[in-house]
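Chemist: I am attaching a structure below and will ask some questions about it afterwards.
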There are 2 protein chains.
Amino acid sequence: MELIGENRAFGGRHLRYTHKAETTQCDMTFAIFLPPFASKDKPVPVLYWLSGLTCTDQNFMQKAGAMKLAAELGMAIVAPDTSPRGEGVPDDEEGAYDFGLGAGFYVNATQSPWNTHYNMYSYIVDELPALIENEFPVTKERAISGHSMGGHGALVIGMRNPNKFVSVSAFSPIANPCDCPWGRKALGRYLGDDKEAWKEYDASLLLASKTHNIPLLVEQGTKDEFLHEQLKPQALVHAAQQSETQLTLNMHEGYDHSYFFIASFIEEHLEFHAGHMGLI
Amino acid sequence: MELIGENRAFGGRHLRYTHKAETTQCDMTFAIFLPPFASKDKPVPVLYWLSGLTCTDQNFMQKAGAMKLAAELGMAIVAPDTSPRGEGVPDDEEGAYDFGLGAGFYVNATQSPWNTHYNMYSYIVDELPALIENEFPVTKERAISGHSMGGHGALVIGMRNPNKFVSVSAFSPIANPCDCPWGRKALGRYLGDDKEAWKEYDASLLLASKTHNIPLLVEQGTKDEFLHEQLKPQALVHAAQQSETQLTLNMHEGYDHSYFFIASFIEEHLEFHAGHMGLI
């Protein structure tokens, strides 16, 4: 693991590392915010943040305005990259923003040539938390959140791994990827034509399939330019009704898909997760 | 004036505009944050934020984390661009980051070919506030702040125009540009070899020249990579002693030159300005 950046922030530290990842067979970059006073004697719980299409480990750290409250609460935040990268990692042939580099969709690909490197699901569920918990003064209390493609990732990973995450939240998630252009393109190419395989990566289908006990919180702006074609949060509401699962979806009048929206409500999500982590 | 971007944020609005500027003879872009409930009946005071080398109107808006408290205080924030831009605006011959585009240094250039467009001093002091006060629900209460090159700009503009600004603050300012490489390069090319002309744009020389009554607040990180060669905040301290001017310089152990530093302390600056604006 190699330190590639370090900034003091809100009395804590913002650090960037690269490390050789087994799951994705390449060097992966992640950022971590450690609140003040985090130490082996006083380890802190971790919120994992999954970013959206085109993002890196830095978008959330630089734009979300999350560090102030995380510092006060005593919560670490880990922001991984959104795909494998580097020499030998295949990209969309036309460099599309919605597939390949910057668009791993948090799945384990089964189709060639994607299946060697595009295993972001296992990277986020297993490899990264194991590394974080080995290297930093953190507990095994984990929560997960994300935006857009990362909101999809957070919902899917949280619902499939309630033993690993205490709570899950999302901003503007791709709520029903089996039924939108971004999702059909990505799942079709990473997982192949058999739509049975897609179901394990569709938050609405997972939510409908059984009652989930993991706390679920979703924010969505009404002026989000992707709301009707790509995001479809109502699919989550219907699925939650079907499975009798508790889900909070907050619609916000006039807000769009940008980090200005995330920044406006991130503190409510930190408090939601802090409550389930026992911090407040 | 043309609206080129709009986001809802913290119950208020983040807007971007371009307009034809007389002082700089080109289209200028700026961003404005309007807090909730700002209206003609309830106009709000304005903090002008001047950004540093290479920045645009967006760095502060996206990374400083200032909107939450500005929304609560009822303060507008205006972030102009850092230089003239566009077709016909000359740039450094080698595209250097520290001169020309993105590096206007908030001066009125006197030397050809810079003097046609590079008149950022007049743009910030006169033209932009006049436009803002004509177009938006704001009062004539103004404060000014900035970072690095913009910290230099804020200090110079604030001290030279205490009738126009109620308070001035800076993060990591270029405190004594007559005596550092960035400053000598920029002032030498924009203003010519006669160093008498430079003095009007040197915060430390202006501060030493007479007692100033405008409130002055400066933050500086001790691990700032530009501290010793370019920034030299001690020059401000000596100048303030010489002129018996009140100056607060806060040194912060371990902080660097990045927006993580600005974000960590921006709320203290908003409160400082809000106090002088009569908001708190």
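Chemist: Tell me, which residues of segment B:49-70 get at least 30 Å² less accessible area when the other protein chains come in, versus the chain alone (1.4 Å probe)?
Modeler: By number: B:62, B:63, B:68.
Chemist: Count the net charge of all other residues whose Cβ sits under 14 Å from the Cβ of residue B:182, scoring Lys and Arg as +1 and Asp and Glu as -1.
Modeler: Here the count lands on -3.
Chemist: Using each residue's phi in segment A:218-231, evaluate 6.51 cos²θ - 1.76 cosθ + 1.60 at θ = phi - 60° and report the 3J(HN,Hα) Karplus result to the nearest Hz, with x for Gly and Pro.
Modeler: The phi angles translate into 10, 10, 8, x, 6, 9, 5, 5, 9, 3, 7, 8, 10, 9 Hz.
Chemist: How long are the three semi-axes of the equivalent ellipsoid for the protein assembly as shown, computed from the Cα gyration tensor as the root of 5 times each eigenvalue, in whole Å, largest first?
Modeler: Working from the Cα gyration tensor, I get semi-axes of 45, 24, 23 Å.
Chemist: When DSSP beta bridges are limited to those with both residues in the protein assembly as shown, what percentage is antiparallel, rounded to the nearest 5?
Modeler: Percentage antiparallel, nearest 5: 50.
Chemist: While we're on this one: Along each principal axis of its Cα atoms, how long is segment A:61-127 end to end? Whole angstroms, biggest number first, please.
Modeler: Taking the Cα atoms of segment A:61-127, the three principal extents are 45, 26, 18 Å.
Chemist: To confirm my reading of the symmetry, which residue of chain A has the Cβ nearest the axis that brings A onto B, and what whole-Å distance does it have?
Modeler: Nearest to the symmetry axis by Cβ: A:65, 2.
Chemist: Please report the carbon-and-sulfur percent of the accessible area for chain A; probe 1.4 Å, protein heavy atoms only, DNA, RNA and ligands left out.
Modeler: 46
Chemist: To continue, here is another question. Calculate the tail of P(r) for chain A: the fraction of all Cα-Cα distances greater than 37 Å, expressed in %.
Modeler: 7
Chemist: Treating only the Cβ of Lys, Arg, Asp and Glu as charged (+1, +1, -1, -1), what charge dipole size does segment B:126-256 show about its Cα centre? Round to the nearest 20 debye.
Modeler: That gives a dipole near 220 debye.
Chemist: What aspartates and glutamates sit close enough to residue B:210 to cross-link, taking a C-alpha to C-alpha distance under 18 Å and skipping anything fewer than 8 places away on the same chain?
Modeler: Within the straight-line limit of under 18 Å, residue B:210 reaches these aspartates and glutamates: B:196, B:200, B:202, B:244.
Chemist: If you don't mind, another one. For segment B:1-110, state which trypsin sites (Lys or Arg not before Pro) are in a DSSP loop and have at most 10 other beta carbons lying within 10 Å of their beta carbon.
Modeler: Sparse-neighbourhood loop trypsin sites (Lys or Arg not before Pro): B:40.
Chemist: Tell me, which residues of segment B:1-29 get at least 30 Å² less accessible area when the other protein chains come in, versus the chain alone (1.4 Å probe)?
Modeler: Those residues are B:7, B:8, B:10.
Chemist: If the label for residue A:115 sits 7 angstrom from Cα along the Cα-to-Cβ line, what are its distances to the same label in every other copy, in nm to one decimal, shortest first?
Modeler: Values, ascending and in nm: 7.1.
Chemist: Report the FRET efficiency, 1/(1 + (r/R0)^6), for residue A:200 and residue A:39, where r is their Cβ-Cβ distance and R0 is 25 Å, rounded to 0.05.
Modeler: The computed FRET efficiency comes out at 0.05.
Chemist: So, with +1 on the Cβ of K and R and -1 on the Cβ of D and E, and no other charges, what is the size of the charge dipole of the protein assembly as shown about its Cα centre, to the nearest 20 debye?
Modeler: The calculation lands at about 1060 debye.
Chemist: A further question on this structure: What's the total accessible area buried between chains A and B, using a 1.4 Å probe, rounded to the nearest 100 Å²?
Modeler: Buried surface at the A/B interface: approximately 1800 Å².
Chemist: Oh, and also: Per residue, what accessible area does chain A have, given a 1.4 Å probe and all protein chains present, in Å²?
Modeler: The answer is 38 Å² per residue.
Chemist: Moving on. Cross-link list B:185/B:232; A:199/A:232; A:223/B:63; B:140/B:195; A:63/B:164: which exceed 28 angstrom alpha carbon to alpha carbon?
Modeler: Checking Cα-Cα distances, B:140/B:195; A:63/B:164 exceed 28 Å.
Chemist: Calculate how many DSSP beta bridges within chain A are antiparallel, expressed in % of all such bridges and rounded to the nearest 5.
Modeler: That works out to approximately 50 percent antiparallel.
Chemist: Here's a follow-up. Once the other residues with Cβ under 15 Å from the Cβ of residue B:171 are scored (Lys, Arg +1; Asp, Glu -1), what is the net sum?
Modeler: -3
Chemist: Starting from 0.36 nm per residue, how many nanometres of slack lie between residue A:210 and residue A:179 once their C-alpha separation is accounted for?
Modeler: Net length gain for the segment: 9.2 nm.
Chemist: If you don't mind, another one. Applying the Karplus parametrisation 6.51 cos²θ - 1.76 cosθ + 1.60 with θ = phi - 60° to the phi angles of segment B:106-118, what ³J(HN,Hα) value in whole Hz is obtained for each residue in order, glycine and proline being reported as x?
Modeler: Couplings: 6, 10, 9, 5, 10, 9, 6, x, 7, 6, 6, 9, 7 Hz.
Chemist: Hey, another quick one. So, in Å, what gap is there between the alpha-carbon centers of segment B:1-69 and segment B:149-187?
Modeler: A separation of 21 Å, based on Cα centres.
Chemist: Related question: Just in segment A:250-279: which GluC sites (Glu not before Pro) are loop by DSSP and have at most 10 other Cβ atoms within 10 Å?
Modeler: Here the GluC sites (Glu not before Pro) that fit, given the DSSP loop and packing criteria, are A:253.
Chemist: Using a 1.4 angstrom probe on protein heavy atoms only, which residues from segment A:224-273 are buried by at least 50 Å² of accessible area when all chains are present rather than their own chain alone?
Modeler: A:255, A:260
Chemist: Pick from A:131, A:34, A:205: which is most flexible by mean-square fluctuation in a GNM of chain A where alpha carbon atoms under 10 Å apart are linked?
Modeler: Largest GNM mean-square fluctuation: A:131.
Chemist: Still on this structure, I have one more. Cross-link partners among aspartates and glutamates for residue B:20, C-alpha distance below 20 Å, same-chain residues fewer than 8 apart left out?
Modeler: B:2, B:6, B:57, B:81, B:87, B:91, B:126, B:127, B:133, B:135
Chemist: Sorted by accessible area with a 1.4 angstrom probe, largest first, how do A:269, B:238 fall?
Modeler: I get B:238, A:269, largest accessible area first.
Chemist: Continuing with this model, one more query. Label-to-label distances across copies for residue A:1, with labels 7 Å out along Cα→Cβ, in nm, shortest first?
Modeler: With the label placed 7 Å along Cα→Cβ, residue A:1 yields 5.0 nm.
Chemist: As I understand it, the dipole of segment A:14-65 uses +1 on the Cβ of Lys and Arg and -1 on the Cβ of Asp and Glu, about the Cα centre. Which of A:60, A:14, A:37 lies farthest toward its positive end?
Modeler: It is A:37.
Chemist: Evaluated at 25 °C with a viscosity of 0.890 mPa s, what Stokes-Einstein diffusion coefficient in µm²/s does segment A:206-280 have when Rh comes from the Kirkwood expression over alpha-carbon pairs?
Modeler: For the chosen part, D equals 182 µm²/s.
Chemist: Moving on to the next point. Placing unit charges on C-beta atoms (Lys and Arg positive, Asp and Glu negative, everything else neutral), compute the dipole magnitude of chain B about its Cα centre in debye, rounded to 20.
Modeler: 620
The values are calculated or read from the model by the stated rules, or taken from the named source; none is laboratory data. Keep in mind it's a predicted model, so treat the numbers as computed, not measured. Every residue, glycine among them, receives a Cβ derived from its backbone with ideal geometry; neighbour counts consider all protein chains shown. These accessible areas exclude ligands, DNA and RNA; they are computed on the full protein's heavy atoms, side chains included. Shrake-Rupley method; radii C 1.70, N 1.55, O 1.52, S 1.80 Å.
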